[in-house]
Every structure is written in structure tokens, then in C-alpha cells.
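Structure first, then comments.
Just so you know, all these numbers are worked out from the coordinates, no wet-lab data involved. Remember, predicted model here, so these are calculated numbers, not experimental data. Because the Cβ atoms are built from the backbone with ideal geometry, glycine has one as well, and the counts that use them run over all protein chains shown.
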Amino acid sequence: MVDVKRRALGAVLLLALAWPVAAQVEKNRAPAAVPTVHWVTPWREGMALRYATEDHDVSVGEGGRESSRTTSIETLRITEAREDGFVQEWSFADTRYQQLEGGEGQEAVMQQMMDSLADVRLEVDLDAAGNYAGLRNIDALAARMRPAMREGFLALFAAGVESAGGEGDEATTAAARAQALEFVDGMVERMTDPAILGVLLSRDVAMFNDAFDAELEVDTPYEVDVEIDNPIGGGALPARVSLLVHLGEPGSDDAVLAWTTHMDREKAAEIALRAAGTMYGIDVPEEARRQVMEDMSIIDEGRVLFRISTGVPEVFESTRTVRAAGELRIERRRMRLLDGDHDHDWSGEGAPVAAKEPSPAG
């Protein structure tokens, strides 16, 4: 019989660190003599942008290697424009989930759960600069997603039992089912708490809506120390963000902003361990706690290609690499604009690659 808590531990330490981490870029204007790119705020009421999106996740650990890919068509609409900000709606269509490696039995369950939530809309508050400020409809989203998540998690548990060789005797089976039900109910309740769910749902939205109205010197490296709020408690997470903007091909209207974010190892480990209890109700053994504290690493890398004249993001790519307790997780998010006056593409079709750890000297 599958021990649901043991199987969940690795995922907890990785998924618990899901809050947005993109840094707000300083909006200070550079001297006129220095070449700069000003990322203008693109939003206006009634504006709609359609993106093809891909989320490709890879996990490697004690249980082997798993890989999944989710594709969708996501539409961003500005439903309200005010002097102090905007309302942006995200909707989803043609969502498809593929289990590429491992995770036997997960594909059908995940697709069914996504189909049941196909009509979900995210209503997002943006500030006056067009950057992420919060989710407006989080309470409604929590109520909508709670039963779908419960059904999906229970189905995944059943699939795990089957892949592990089936059920045991009647008494063992009943005890395991009761344990799974209690664990799933507690996990769903904690994950759909508005404070937690808001962070989980807003990560991609927040990173996409992050640096509008920034002005950066061309081909000039920036390093920014930031503190990232988290909903778990235990204080903010320190991080260092490296930024670089450069122009596109000569004569084009394009610019590319690239970034790398390194989270503070010790603080990230502390928050992840706290999250294990807060979100999943798991008491992490002391040996595992020591390992987490020793090898925790979180690195975000990303780039966005945008039009200088309009500020519209045309290609967006972000990859997060998390190492914790002997587990590796790579999460890549990609978006490309579908409606434009030239083709858009992202770099390659292969699996995401883990970020390299910085050298001891750097």
C-alpha cells in the first residue's frame, strides 16, 4: 500500500516554494545621454491578447523521473482601465495535459480535472504602472476549485495504489483509504485557503505583469536585492535578481529583458519546511530537515521579448530549478503571442534544462 505522506514529501518541499519571485525593477529614469529602453505600459480597456502556452515540468528523485507537459490557449483581456490601475482577465481554452515520463495513471486524471475547470477565469488587479497587484476573485476561485481538487487528488491516490501493485487485505485497504481521505481533505482545505491559493494561482500572472514602466540602460547588467513576501509565515525570502536588456535585430522594434534570480538558500529551506506543515500537514523527519537545509537551491531564469513601441510581450519564457532533499524539479513556462504582424516562437522543443549552480567564487 502506498504511504501517501512519504510519497508527498518530495513534492511538498518543491511545490511549497511557488510564490511569485520576479522582482519589481526600479523605475528611475537614466540620464538622457545613456541609451535606454523604456518598457511602456501596454494596457487599455478592451484590449485582448491571445497566447499559446506551454508548461513543461520535470521531476527527478528517489521515485525515478517524471515529466509532464501542459499546453493551452490563454487570453488576456483588459476589462477595466482606471487612473489607479487596471483589471485583467485570464481565460483558458484547449488545455491538454500529457504525461511524458513516469506517473502512470496520472494523465487521464489530470486531464479530467483540467476539463472540469475549463470555465475558470482569473480576475487580476494591476496597479497604475500595469504591474501585478492581486487577484480579485480568489474567494470564488477557492469555492470553485475545492471539489475538483479533492476528486483529482483522490483519483491520483487510487492510480498510485494500482501502479504499486494493487490493494492488500481488506483491513489494510480500509485503513489506507481512511488515511488517504483524511490526508487529501486536509491538504485540499489548506491549499484552497485564499491566502495560499492566491499565491499558487498568481505565480505566472505576477511574473508576466512585472516590469512594465521600467527603464533600463541597454546592455548594462543590473543586480537588485529584493525581499519576497510569502503566505506561509516566517518572514520574507531574500533574493538577488540579475537583469539585462538588449535590443533586437537592427531596425526592429524589439527588445529582450533577461533575468536570473537566486533565492537565499537557508531562508528558502526554512520556509519550505514550514510549508510542509502549513500546506500539507506533514511532519518532516529530522534527517530530512538537515538534508533540506544543506542542499536547498532555487534559481529562476527567464526572458521576455517585447515591442518597444507598444510594450506588448510577444514571447515569454521562465524556468525555475529547485533542488531540495535529494529531489530536482524543473518547471518551464512559455508563452508566445498568436495575434501579431509577425511570427513568434520560443527556443527549441526539448525538455527544460536545469540551471547551473553558481561557482563558489561567484
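Our coupling estimate for the range 54-68, obtained by passing each phi through the Karplus curve with A = 6.51, B = -1.76, C = 1.60 and θ = phi - 60°, is 9, 10, 10, 10, 10, 10, 10, x, 4, x, x, 10, 10, 8, 9 Hz, Gly and Pro reported as x. Plugging the Kirkwood radius over Cα pairs into Stokes-Einstein for the range 83-210, at a temperature of 25 °C and a viscosity of 0.890 mPa s, what D comes out in µm²/s? Rounded, D is 147 µm²/s. A Förster distance of 25 Å, applied to the separation of the beta-carbon atoms of ASP229 and GLU62, puts the FRET efficiency at 0.20.
Near the amide H of ALA214, within less than 5 Å, lie the amide hydrogens of TRP39, all on another chain or at least 5 residues away, with H placed in the peptide plane. Hydrodynamic estimate: the Kirkwood radius of the range 185-341 over Cα pairs, inserted into Stokes-Einstein at 20 °C and 1.002 mPa s, corresponds to D of 121 µm²/s.
Once the Cβ-Cβ distance of SER252 and ALA158 is raised to the sixth power relative to R0 = 41 Å, the FRET efficiency obtained is 0.20. Summing charges over neighbours of VAL292, with a neighbour being any other residue whose Cβ is under 13 Å away from its Cβ, gives -1 when K and R count +1 and D and E count -1. Other residues lying with their Cβ under 10 Å from the Cβ of VAL87 contribute a combined charge of -2, Lys and Arg counting +1, Asp and Glu -1. Distances between placed amide hydrogens fall under 5 Å for GLY248 paired with ASP254, ALA255, VAL256, all partners being 5 or more residues away or on another chain.
Using θ = phi - 60° in the Karplus curve 6.51 cos²θ - 1.76 cosθ + 1.60, the 3J(HN,Hα) couplings for the range 204-210 round to 5, 4, 5, 5, 5, 9, 10 Hz; x is entered for Gly and Pro. Under a 5 Å amide H cut-off, with hydrogens placed 1.01 Å from N, LEU100 pairs with SER67, SER68, ARG69 among residues at least 5 apart or on other chains.
Counting 0.36 nm for each residue step from ARG240 to ARG303 and taking away their Cα separation leaves a gain of 21.0 nm. Legend: ranking of residues ASP193, ASP139 from fewest to most surrounding C-beta atoms inside 10 Å; resulting order ASP139, ASP193.
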